[in-house]
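Colleague: Pasting in a structure now, in structure tokens, and then I'll have a few things to ask.
Quick note: the coordinates plus some simple rules give every number you see, no bench work behind them. Computed from a predicted structure; not experimentally measured. Virtual Cβ from ideal backbone geometry, glycine too; neighbours counted across all protein chains shown.
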Amino acid sequence: MRDGRNARRQGGMLTLGLVLVLLMAVALMTVYAARTSLLELKLSGSSYRAKQALEAAEAGLHYGVAYYLAGGADHDGDGQLDTDVSGVLARGQLGGPRWQVQFCDAASLGPACVLPVAAPARLRIMATGFSDDGSARRVVSQLVMADPVLLAVPEATLLARRLDSASGGSLEVINNQTPLTIRSGTLPMQSFSTRIARDGLLDQAGSTNASFGSDVQLADVALAALSDEAFFRSFFALGWDALKASADIHLTGHQPFPEEDMGGKVVLLSALDSQPYTRLPVRLGNPAAPVILLVDGELELAAGSVVFGVVYARKLSSHDGAKVQGALLLEALGQIEGTLQLEYDAALLAKAQSLRQESVLASSWRDW
């Protein structure tokens, strides 16, 4: 009897031990699962806040790039960067996350911003983003640059690949400041006259169809042989596609011109369906703020209209009394009604040559 009770007591102890072991195992598994869950929560929170910081930084960078493309880093033209005393262009907030953006020296490669002393041609826009609790920080940057639109001041009042495609009317070209008035890849078919100043007096020298003077270079074989792209790139620092993407104003088809003053801007017109663009304002630009007008197609100048600046067009036609003061760059000259007047203006062209186009340097995005 005693042996039976001992056996039952020993069996109970063994069962109790097994239960305790199982309870301890379950407790350890519970603790491990809890710790794993807490770790996952921490990792998830860290990833979430890192994403917050990145999104905030990218928002700041978008702001900085848009600001730069709208007029560079010195909108007020005082020769200094548009930043506060601490060197920050702007600060913002996306709900909880916040950002700040700065203009930095283009040579600075790390996440620390080195402030340039003025507004150089090339800059690094650097934006810093912070999570809502400030625990995560991210820095992103983009290189930007301001290139001159014109490679140089045009050498003549009229530079054209073809003048033999023109019909009707006449050209009157006034050039008081440079030896060259017309340079063309072909001989002109319509009548023309040029006027050159000597000692500040007009009509001291010049050329007509019947009398070619030294101020015209006609049937220029090298000029006639240029491709459309090569002709364009001989005047402009950026290719057509780059200027198309960065032009201040881009109008297509027969969209009307904005009523605002276009002086000091790069304007791109894209003709559609082989129809000339006819909706220029009567006066475009002014002597103090010329325009650079690029026409992808044919431009038709209305009677009495005046353009101050540099006009580049695939083809140009005009009505009586139309005038370009500055320089006219043409692939071909079309129908002329009455007289088209062109006048070289060195001071105006120097202002046009100082115009710069802000653009983003491709493949320069960085993050830290």
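Colleague: Would you calculate the separation in nanometres between label points at residue 224 and residue 288, each defined as 7 Å from the Cα along the Cα-to-beta-carbon direction?
Modeller: Rounded to a tenth, the inter-label distance reads 4.5 nm.
Colleague: Could you tell me the calculated FRET efficiency between residue 356 and residue 279, based on Cβ-Cβ distance and R0 = 25 angstrom, to the nearest 0.05?
Modeller: In this case the efficiency is close to 0.40.
Colleague: Please figure out what share of the DSSP beta bridges in region 158-354 is antiparallel and state it in percent, rounded to the nearest 5.
Modeller: Just about 5 percent of them are antiparallel.
Colleague: Now for a different question. Looking at the chain, how many pairs of lysines come closer than 17 Å at the Cα, when each pair is eight or more places apart or spans two chains?
Modeller: Lysine pairs meeting the criterion: 4.
Colleague: Something else now. Are there trypsin sites (Lys or Arg not before Pro) in region 228-306 that DSSP puts in a loop and that have at most 15 other Cβ atoms within 10 Å, and which ones?
Modeller: 279
Colleague: Once you order the gyration tensor axes a ≥ b ≥ c over the Cα atoms, which shape class does the chain get: rounded for a/c under 1.5, otherwise prolate or oblate by comparing a/b with b/c?
Modeller: prolate
Colleague: In nm, give the distance between the simple-model label positions of residue 93 and residue 151, each being 7 Å from the Cα along the Cα-to-Cβ direction.
Modeller: Modelled inter-label distance: 5.2 nm.
Colleague: Here's another thing I want to ask about it. Most mobile of 57, 112, 313 per a Gaussian network model of the chain (Cα springs, under 10 Å)?
Modeller: 112
Colleague: Here is a follow-up. Would you mind checking the tilt of helix 2-69 against the longest principal axis of the Cα atoms of the chain, expressed as 0 to 90 degrees and rounded to 10?
Modeller: Relative to the chain, helix 2-69 is tipped by roughly 10 degrees.
Colleague: Additional query: Sort region 237-331 into rounded, prolate or oblate with this rule: let a ≥ b ≥ c be the square roots of the eigenvalues of the Cα gyration tensor; rounded if a/c is under 1.5, and if a/c is not under 1.5, prolate when a/b is larger than b/c, oblate otherwise.
Modeller: In terms of gyration-tensor shape, rounded.
Colleague: Charges at C-beta only: +1 for Lys and Arg, -1 for Asp and Glu. How large is the resulting dipole of region 15-147 about its Cα centre, in Debye rounded to 20?
Modeller: About 740 debye.
Colleague: With a 10 Å Cβ neighbour count serving as the proxy for reagent exposure, in which order, fewest first, do 103, 235 appear?
Modeller: Fewest-to-most Cβ neighbours within 10 Å comes out as 235, 103.
Colleague: Treating only the Cβ atoms of Lys and Arg (+1) and Asp and Glu (-1) as charged, compute the dipole magnitude of region 158-354 about its Cα centre; round to the nearest 20 debye.
Modeller: Roughly 240 debye for region 158-354.
Colleague: Rounded to the nearest 0.05, what FRET efficiency is calculated for residue 118 and residue 47 with R0 set to 41 Å and r the Cβ-Cβ distance?
Modeller: Calculated value: 0.50.
Colleague: Place +1 on the Cβ of every Lys and Arg and -1 on the Cβ of every Asp and Glu in region 158-354, take the dipole about the Cα centre, and give the residue among 268, 177, 249 whose Cα lies farthest towards its positive end.
Modeller: 177
Colleague: In debye, nearest 20, what is the charge dipole magnitude of the chain about its Cα centre with +1 on Lys and Arg Cβ and -1 on Asp and Glu Cβ, if you could check?
Modeller: My answer is approximately 2800 debye.
Colleague: Which listed residue (46, 136, 63) has the Cα farthest towards the positive end of the charge dipole for the chain, taking +1 on Lys and Arg C-beta and -1 on Asp and Glu C-beta about the Cα centre?
Modeller: Highest projection toward the positive end goes to 46.
Colleague: Still on this structure, please answer the following. With both bridge residues required to lie in region 111-184, what share of the DSSP beta bridges run antiparallel, to the nearest 5%?
Modeller: In region 111-184, DSSP labels about 75 percent of beta bridges as antiparallel.
Colleague: Report the residue, chosen from 253, 17, 96, that carries the largest GNM mean-square fluctuation when the chain is represented by alpha-carbon nodes joined by springs under 10 Å.
Modeller: Highest fluctuation of the listed residues: 17.
Colleague: Could I ask something else about it? Counting DSSP beta bridges in the chain, what percent are antiparallel, to the nearest 5?
Modeller: 35
Colleague: Specify the residue with the greatest mean-square fluctuation among 145, 262, 189, computed from a Gaussian network of the chain linking alpha-carbon atoms under 10 Å apart.
Modeller: 189
Colleague: With just the Cα atoms defining each centre, how far is region 296-368 from region 51-103? Give it in Å.
Modeller: After rounding, the separation between the Cα centres reads 34 Å.
Colleague: Using the per-residue mean of other Cβ atoms lying within 10 Å as a proxy for protection, in what order, highest first, do the peptides 216-223, 73-80, 152-159 fall?
Modeller: 152-159, 216-223, 73-80
Colleague: Based on other C-beta atoms within 10 Å, arrange 63, 312, 277 from fewest to most.
Modeller: Listed from fewest to most nearby Cβ atoms, that is 63, 277, 312.
Colleague: Same structure, new question: Could you list 365, 240, 99 so that the one with the fewest beta carbons within 10 Å of its beta carbon is first and the one with the most is last?
Modeller: Lowest to highest Cβ neighbour count: 365, 240, 99.
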